[in-house]
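Colleague: Before I ask anything, here is the structure I am working with.
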Amino acid sequence: MWKRKDLIGIEELSREEIEVVIETALSMKDILKRPIKKVPTLRGRTICTLFYEPSTRTRSSFELAAKYLSADTVSIATATSSVQKGESLLDTVKTLEAMGIDLFIIRHSASGVPSFIAKNIKAGVINAGDGMHEHPTQALLDVFTVYEKKGKLEGLKIAIVGDIFHSRVARSNIYAWNKLGSNVILCGPPTLIPPYIENLNVKVTYDLNEAIEDADIIYVLRLQLERQKRGLFPTLREYHMFYGINQERIKKAKKDVLVMHPGPMNRGVEISSEVADSLISVINEQVTNGVAVRMALLYLMLGGKSDENPV
Ligand code: CP
């Protein structure tokens, strides 16, 4: 049963709640397979996306998810909003809440912003990525994708490779896989793996071959150069040589390994095009499943019952 007003992080969710999202997303996936995808489930409810950082996938999939469920949407672009005249974020949100918004989807460069807003308004809040903290809906769509492909979520080896330090996606995935009973191994340059991360019940290696050996999933992360004040590794070419996922590396992995990436990708840096576009890549499925999982979350958070058919 779903009782939360807000979704701030995977850390706060139980295994049962993650499973409810997966079950509900399976029903939503059926809607997405229909020629006409629209259902009246959330007619009369209003959702606002408020993104203070760039986004292609998260923002558009939330907006499509809302439209497919017949909710109304408002999208605030910070560049053209009254934020530019000095209005605080909380005043902006309270202004929109006064217009009747039921649920805010918030992305911000500072960790803790969605949680702060959630504590100060009656409407619900979904964290769409806050600083280096969490990106819970990304992790939920990732576990859903693995469930679809592997038929299970327990006992898997998940190798997360790349810029762990700056990655809210890595944090949310670590919390999710720990709760689901799978094992996470992290791999990247020592400068991009914070020492405290080992407290989160993960293994750490700097050797990519060790990470991908026996892995069921290779989860590739983008180098977040926009969050790095100085070079944390020598060159992009050298980074690819040691930590890039390419065909040569994949030869050392299991035959049925799956390659995932949250996007956006830097082809030729953390992943080669050959691998990104190959049959072992489920990157496009992640994108499609992002819509289904976000439909499930909108449905559950706006009062839908997890034991009722949403359509
Ligand atoms: N994965 C992800 O958050 O992508 P966007 O930044 O495009 O939303």
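Colleague: Anything in region 114-139 that is more than 19 Å from Leu221 (Cα to Cα) and either small (Gly, Ala, Ser) or surrounded by fewer than 24 Cβ atoms within 10 Å (Cβ to Cβ) (or both)? List them, or say none.
Modeller: Ser115, Phe116, Ala118, Lys119, Asn120, Ile121, Lys122, Ala123, Gly124 - these are the residues of region 114-139 that are more than 19 Å from Leu221 (Cα to Cα) and either small (Gly, Ala, Ser) or surrounded by fewer than 24 Cβ atoms within 10 Å (Cβ to Cβ) (or both).
Colleague: Name every residue in region 95-112 that is open to solvent by 10 Å² or more (accessible area, probe 1.4 Å) and over 17 Å from the mean Cα position of the chain (by Cα), in order of residue number.
Modeller: Thr95, Leu96, Glu97, Ala98, Met99, Gly100, Ile101, Asp102 - these are the residues of region 95-112 that are open to solvent by 10 Å² or more (accessible area, probe 1.4 Å) and over 17 Å from the mean Cα position of the chain (by Cα).
Colleague: I want to confirm something. Restricting to region 74-94 and keeping residues that are within 16 Å of the ligand (Cβ to nearest atom) and open to solvent by 40 Å² or more (accessible area, probe 1.4 Å), which single residue is modelled with the highest pLDDT?
Modeller: Ser75
Colleague: Quick check on this structure: which one of Asn178, Asn246, Asn209, Asn201 is away from the ligand (no atom under 16 Å from the Cβ) and either surrounded by 22 or more Cβ atoms within 10 Å (Cβ to Cβ) or closer than 22 Å to Asp130 by Cβ (or both)?
Modeller: Asn178
Colleague: I need the strands (runs of 3 or more DSSP E) fully contained in region 124-220, keeping only those with at least 3 residues that are at pLDDT 95 or above and under 30 Å from Arg45 (Cα atoms).
Modeller: 124-130
Colleague: Being of a type in the set (A, V, I, L, M) and over 16 Å from Ser70 (Cα atoms) is the filter here, so list the residues in region 8-44 that pass it.
Modeller: Ile8, Ile10, Leu13, Ile18, Val20, Val21, Ile22, Ala25, Leu26
Colleague: I would also like to ask the following. Looking at Ile36, Ile18 in this structure, which one is away from the ligand (no atom under 16 Å from the Cβ), in contact (Cβ under 8 Å) with a residue 60 or more places away in the chain and among the aliphatic types (A, V, I, L, M)?
Modeller: Ile18
Colleague: List pairs: first in region 51-66 and closer than 16 Å to Leu302 by Cα, second near the ligand (Cβ under 8 Å from one of its atoms) and open to solvent by less than 10 Å² (accessible area, probe 1.4 Å), Cβ under 8 Å, 6+ apart or cross-chain?
Modeller: What qualifies is Phe62/Ala128.
Colleague: Only one of Asp277, Asp214, Asp256 is open to solvent by 10 Å² or more (accessible area, probe 1.4 Å) and in contact with a strand residue (DSSP E or B) (Cβ under 7 Å, 6 or more places away or on another chain); which?
Modeller: Residue meeting the stated conditions: Asp214.
The values are calculated or read from the model by the stated rules, or taken from the named source; none is laboratory data. Here the structure is a predicted model, which means the values were calculated and not measured. All Cβ positions, glycine included, derive from the backbone under ideal geometry; neighbour counts span all protein chains shown. Accessible surface is based on the protein model in full, side chains and every heavy atom, while ligands, DNA and RNA are left aside. Shrake-Rupley method; radii C 1.70, N 1.55, O 1.52, S 1.80 Å.
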